[in-house]
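For reference, the structure discussed in these notes is given below.
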Amino acid sequence: MAQPSAKKQRTHPQYELLYHPGIPGRGEFIRLAFEAAGVPYIDVANEQKEGYGIVQQVCMNKTTESADNNPPVFSPPALRVPGGGKDGTALVIGQTPNILWYLGERLDLVPEDEAGKYYVQQITLTALDLNNEMHDTHHPIAVMKYYEDQKEESLKKAQDVRQNRIPKFLSYFDRTRQHNEHHGSGKGKYLVGDKLTYADTTVWQVLDGCMFAFPKEMAARKEEFPQLLGDFYEAIKQESGIKEYLSSKRRMSYSMGIFRHYPELDRQ
Ligand SMILES: N[C@@H](CCC(=O)N[C@@H](CS)C(=O)NCC(=O)O)C(=O)O
């Protein structure tokens, strides 16, 4: 990851992100949080020889334990925190929003007040709902079957997501932005409070993925939501840590993960 300050290196454990190699996927929400905070982490499957073996062993092992006496996790991503568990053992946490909740205060990516923390989580969970719906546009019937085997249903699902669901989510994110502009301290730049939170990075990532998957649809929607898809989207890209990350090799291209570009599923 980016060069962290010596202080941050000293004050944090060596966080380990356990995720599939080679795709941004749901691991990206965790990467963006670390990168925005400038806190070091190891992306185990991408950085360590035999790293994916470790990910599979911890997250996909079908036993009653993930690692270090921690309970099983359902699937990647997971976060392993050496020394974070009971009696100095490692802690293993699964589920993307749960990992972000754990990291929020530690990475200084949430407001101080309790209501603000729940609000950040509320927006994040909503963005991850859209993430799931985007996945279902190319896999509406069966996760384990090929897109080509469910293409007919994908066309119908994608049409509904584009016509009904995307505008509903965009309206919600834009209203959170406006709420902070009018009643908070975000000045239209952030969704909650006056500094970057993981709600901003998570919504940004989902918007970016939607733009990759459905470029025509999102270009048309930009006319309806110019501030969200223009100013907000561009401003987050310029945030310290994020800007360096996006131009680094650590930022992986979209390919066969959650956000896929099948032109026939986009607005025609
Ligand atoms: N709700 C979970 C979903 C996790 C998930 O679906 N992970 C994918 C990769 S992004 C996976 O490996 N799934 C395997 C499976 O569900 O069988 C989260 O947000 O962490």
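What are the pairs with Cβ atoms under 7 angstrom where one residue, in the range 239-268, is outside any loop (DSSP other than H, G, I, E, B) and the other, located anywhere, is of a type in the set (G, A, S)? Sequence gap at least six, or different chains.
Correct list of pairs: I242/A36; E244/A2; Y245/A2; L265/S154; L265/A158.
So the check is Cβ under 7 Å with 6+ separation or different chains; which pairs have a first residue in the range 119-143 that's closer than 21 Å to Y254 by Cα and a second one that's assigned to a helix (DSSP H, G or I) and basic (K, R)?
Hits for this filter: E133/R165; D136/K157; T137/K157; P140/K157.
Report, by residue number, each residue of the range 9-32 that is of a type in the set (K, R) and within 12 Å of the ligand (Cβ to nearest atom).
R26, the sole residue that qualifies.
Which pairs have Cβ atoms under 6 Å, sit 6 or more apart or on different chains, and link a residue in the range 19-32 that is among the aliphatic types (A, V, I, L, M) to one that is open to solvent by less than 10 Å² (accessible area, probe 1.4 Å) and within 8 Å of the ligand (Cβ to nearest atom)?
Pairs found: I30/P77; I30/I99.
Quick check on the range 243-252. Is at least one of its residues closer than 30 Å to E148 by Cβ, more than 16 Å from the ligand (Cβ to nearest atom) and either open to solvent by less than 40 Å² (accessible area, probe 1.4 Å) or assigned by TED's automatic domain parsing to the domain that holds F214 (or both)?
Yes: the range 243-252 contains one or more residues that are closer than 30 Å to E148 by Cβ, more than 16 Å from the ligand (Cβ to nearest atom) and either open to solvent by less than 40 Å² (accessible area, probe 1.4 Å) or assigned by TED's automatic domain parsing to the domain that holds F214 (or both).
Return a yes/no flag: does the range 87-94 have any residue that is within 16 Å of the ligand (Cβ to nearest atom), in the same structural domain as V58 (by TED's automatic domain parsing), at pLDDT 95 or above and at positive phi.
There is no residue in the range 87-94 that is within 16 Å of the ligand (Cβ to nearest atom), in the same structural domain as V58 (by TED's automatic domain parsing), at pLDDT 95 or above and at positive phi.
Within the range 103-148, how many residues turn out to be more than 22 Å from G241 (Cβ to Cβ) and open to solvent by less than 10 Å² (accessible area, probe 1.4 Å)?
5
Hey, can you tell me all the residues within the range 6-30 that are at pLDDT 95 or above, among the β-branched types (V, I, T) and outside any loop (DSSP other than H, G, I, E, B)?
I30
Restricting the range 42-53 to residues that are small (G, A, S) and either more than 25 Å from L32 (Cα to Cα) or away from the ligand (no atom under 15 Å from the Cβ) (or both), which is surrounded by the most Cβ atoms within 10 Å (Cβ to Cβ)?
Among those residues, the one meeting the criterion is G51.
Taking the residues in the range 54-80 that are open to solvent by less than 20 Å² (accessible area, probe 1.4 Å) and within 12 Å of the ligand (Cβ to nearest atom) as candidates, determine which candidate is nearest to the chain's Cα centre (by Cα).
Among those residues, the one meeting the criterion is P77.
Going through D208, D200 one at a time, which residue ends up being assigned by TED's automatic domain parsing to the domain that holds T137 and surrounded by fewer than 23 Cβ atoms within 10 Å (Cβ to Cβ)? Lay out the reasoning, then the answer.
Values: D200 fails: surrounded by fewer than 23 Cβ atoms within 10 Å (Cβ to Cβ).
None of the other options fit; the residue is D208.
The values are calculated or read from the model by the stated rules, or taken from the named source; none is laboratory data. Keep in mind it's a predicted model, so treat the numbers as computed, not measured. Positions of Cβ are backbone-derived with ideal geometry, glycine not excepted, and every protein chain shown enters the neighbour counts. Keep in mind that these areas ignore ligands, DNA and RNA; they rest on the heavy atoms of the full protein, side chains included. Shrake-Rupley method; radii C 1.70, N 1.55, O 1.52, S 1.80 Å.
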